[in-house]
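A quick write-up on the structure given underneath.
The values are calculated or read from the model by the stated rules, or taken from the named source; none is laboratory data. Values in this document were obtained by computation on a predicted structure and should not be read as measured data. Cβ atoms come from the backbone with ideal geometry, glycine included; neighbour counts cover every protein chain shown. Accessible surface is based on the protein model in full, side chains and every heavy atom, while ligands, DNA and RNA are left aside. Shrake-Rupley method; radii C 1.70, N 1.55, O 1.52, S 1.80 Å.
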Amino acid sequence: MNTFVSTRPGSKDISWCPGCGNFAIRNMLMAVLADLGLDPANVALISGIGQAAKMPHYIQANGFHTLHGRAIPIATGVKIANPALTVIAEGGDGDMYAEGGNHFLHGLRRNADITLLVHNNQVYGLTKGQASPTTMIGMKTPAQPEGVFEEPLNPLALAIASNASFVARGYSGQADKTKAILRQAILHRGFSFIDIFQPCVSFNKVNTYDWYEENTYWMKDHDPTQRGAALQKALESFPFPLGIFYRYQKKTFEENIVAYQNDQTPLSQRRVKIEALSKYVNFLSYEKTA
Ligand SMILES: Cc1ncc(C[n+]2csc(CCOP(=O)(O)OP(=O)(O)O)c2C)c(N)n1
Ligand code: SF4
């Protein structure tokens, strides 16, 4: 069995707080990747900015820590360049739903064969607990001292409404069931989205481990092929359902692009044909006019 280790050569420390839900998500991911027999050389972890987004530093595999909110387009590009890679995009609720909100929407529509993990701690952890798009109404934060008054985003309902191909919610405090979802998400061909509740023990004193235990439940007898029922489940709250809400198989982004229609060679292994390009961009005969 291949192993995934949590340190990179030369890395000294980890900046997550003791007790943070991120540790469990990292351990689940390493265990599932190893269990699937994947080689770290064929796995790419792509993240934006935030505490959750530090994951590529804490798992030894290919990694790209990019700009705030930009993990999804980079992960899509990596997958197109080399479809043989298992590509995981990952970050926090602020990173993916606020700074990266636009990319989240279009990632759902585009259906590249990547897995998206959102560590949803309902605050901005790295910048000390300001409200994120999923913070509950009424919660007081350092930047919202009178309490949050905006409607929280419902990422699952949004994903199902967009006809995303795999939509699920897990909880970092319940590893076995969340690991089973993660495994199915990675095996799913297409864009697999999992929102994972992840307690921020330092800056979110409302949504604690106890709060999640009391306010979530695992769905039983839910048929994830039924979109209407999935949407109905996604609209439920207090308690919030956990599990796979919706699953739908359709053509992936890579399968739709012309470059792969007659040639399966990964783009990363092809030579740039300057002569062919010059047909479209006549830079070879550029002349100075002034
Ligand atoms: C364009 C931009 N805006 C704001 C910031 C500051 N910033 C860094 S991390 C962060 C919030 C991260 O929150 P979240 O994505 O929820 O992740 P967490 O730290 O909770 O895991 C912000 C606002 C930044 N680095 N770049
Ligand atoms: S601030 Fe919160 S999210 Fe960040 S490492 Fe600490 S507990 Fe985790």
Tell me the angle of helix 175-187 to the major Cα principal axis of the chain, expressed in degrees between 0 and 90 and rounded to the nearest ten.
20 degrees
Ranked by accessible surface with a 1.4 Å probe, highest first, in what order do 195, 35, 221, 13 come?
221, 13, 35, 195
Please state the shape class of segment 6-98: rounded when a/c is under 1.5, otherwise prolate if a/b exceeds b/c and oblate if not, all from the C-alpha gyration tensor.
oblate
Percent relative contact order of the chain, based on C-alpha pairs within less than 8 angstrom and at least six residues apart?
17 percent
How do 261-267, 233-239 rank on mean C-beta neighbours within 10 Å, highest first?
233-239, 261-267
Per the 1.4 Å probe, what fraction of the accessible area of the chain, in percent, lies on carbon and sulfur atoms?
55 percent
Nonlocal Lys pairs with alpha-carbon distance under 22 Å, segment 1-140 (8 or more apart, or different chains)
4
Mean accessible area per residue over segment 91-162 (1.4 angstrom probe, all protein chains present, square angstrom) is 41 Å²
In whole angstrom, the spacing between the Cα centers of segment 157-224 and segment 89-106 equals 16 Å
What value does segment 143-259 have for Rg/Rh, both radii from Cα atoms and Rh as Kirkwood defines it?
1.02
Show log10 I(q)/I(0) for segment 153-215 at q = 0.20, 0.24, 0.28 Å⁻¹, two decimals, from a solvent-free Debye sum over equal Cα scatterers.
-0.85, -1.02, -1.14
Could you rank 257, 49 by how accessible they are, 1.4 Å probe, largest area first?
49, 257
Could you give me D for the chain, from Stokes-Einstein at 20 °C and 1.002 mPa s, where the hydrodynamic radius is the Kirkwood radius over C-alpha pairs? Units µm² s⁻¹, please.
107 µm²/s
Could you tell me the ratio Rg/Rh of segment 28-150? Both radii from Cα atoms, Rh via Kirkwood.
1.03
In degrees between 0 and 90, to the nearest 10, how far off the longest principal axis of the chain does helix 71-81 point, with axes built from Cα atoms?
40 degrees
